[in-house]
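The values are calculated or read from the model by the stated rules, or taken from the named source; none is laboratory data. The shown structure was predicted, so the numbers you read here are calculated from the model rather than taken from an experiment. For neighbour counting, all protein chains shown are included, and Cβ atoms are generated from backbone atoms with ideal geometry for every residue, glycine included. Heavy atoms of the whole protein, side chains included, go into the accessibility calculation; ligands, DNA and RNA do not. Shrake-Rupley method; radii C 1.70, N 1.55, O 1.52, S 1.80 Å.
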Amino acid sequence: KESLKYFTVIINNYEKSGRLIQPMMHRFGFIYWMNGQKKKGEIWLKRQKEYCEASIKRNDESAISLHSYYDLAGICAFLGDRDNAYLNLRIFESIPVCPNWWLTLIKVDPLFDSIRKEPEFQEILHNLDLKYQAEHERVRKWMEDNKL
């Protein structure tokens, strides 16, 4: 309930400016939904879903596209569409390197609460952790080799 107060201020400021925070729209939807305002929540979740699908359709090779698969997976998981949640998570899982912040986020992201304990989700999490650990070790070795 406390977060809704702050999100409302953020949303109002962005709506006045005519801009949207694309990577945050599903978070707005989640907050509204969890505060019993499901219609408003659905509107924001739908906006994020459309934004993600458009990003993917453009075949955007940037991090925005990877975010889109992650965000779509979260929206699908939250709304109970497990098949599409896993479909998008498997695409997201193909990232070559998983930064620590992304690994930390997926471990606690409430959008994934409905599937968090499932073996397939745990396998994806494990694979992302292996990618993080491999990159961490690569950087450690590089620093050691360069006496840093």
| Just the projected area, averaged over all directions, of the convex hull on the alpha carbon atoms of segment 82-142: how many nm²? | 4.0 nm²
| field | Prolate/oblate/rounded call for the chain, Cα gyration tensor, a/c under 1.5 rounded | value | prolate
| task | Considering only protein heavy atoms, with the full assembly of protein chains and a 1.4 angstrom probe, order 128, 66, 79 by accessible area, largest first. | result | 79, 66, 128
| query | In what sequence, highest mean first, do 41-48, 25-32 appear when ranked by Cβ atoms within 10 angstrom? | reply | 25-32, 41-48
| request: May I ask you to derive the relative contact order of the chain, considering only C-alpha pairs under 8 Å and at least 6 residues apart, and to give it as an integer percent? | output: 15 percent
| field | In sequence order, calculated HN-Hα J values of segment 22-31 (Karplus, 6.51, -1.76, 1.60; Hz; x Gly/Pro) | value | 4, x, 10, 4, 5, 5, 4, x, 4, 5
| Check: segment 1-80 dipole with +1 on Lys, Arg Cβ and -1 on Asp, Glu Cβ, in debye | 360 debye
| note | Ranked output for segments 133-146, 82-95 by mean other Cβ atoms within 10 Å, highest leading, reads 82-95, 133-146
| Farthest toward positive dipole pole in the chain [+1 Lys/Arg, -1 Asp/Glu at C-beta], among 69, 148, 14 | 14
| message | I'd like to check one number: the per residue accessible area of the chain, probe 1.4 Å, reported in Å² as a whole number. | response | 61 Å²
| said: With θ taken as phi - 60° and the coefficients 6.51, -1.76 and 1.60, list the Karplus ³J(HN,Hα) couplings across segment 100-111 in order, rounded to whole Hz; mark glycine and proline as x. | reply: 4, 5, 6, 4, 5, 4, 5, 5, 10, 4, x, 5
| query | Using unit Cβ charges (K, R positive; D, E negative) and no other charged atoms, how large, in debye to the nearest 20, is the dipole of segment 55-145 about its Cα centre? | reply | 60 debye
| request: May I ask you to give the percent of accessible area on segment 1-121 that is carbon plus sulfur, with a probe radius of 1.4 Å? | output: 58 percent
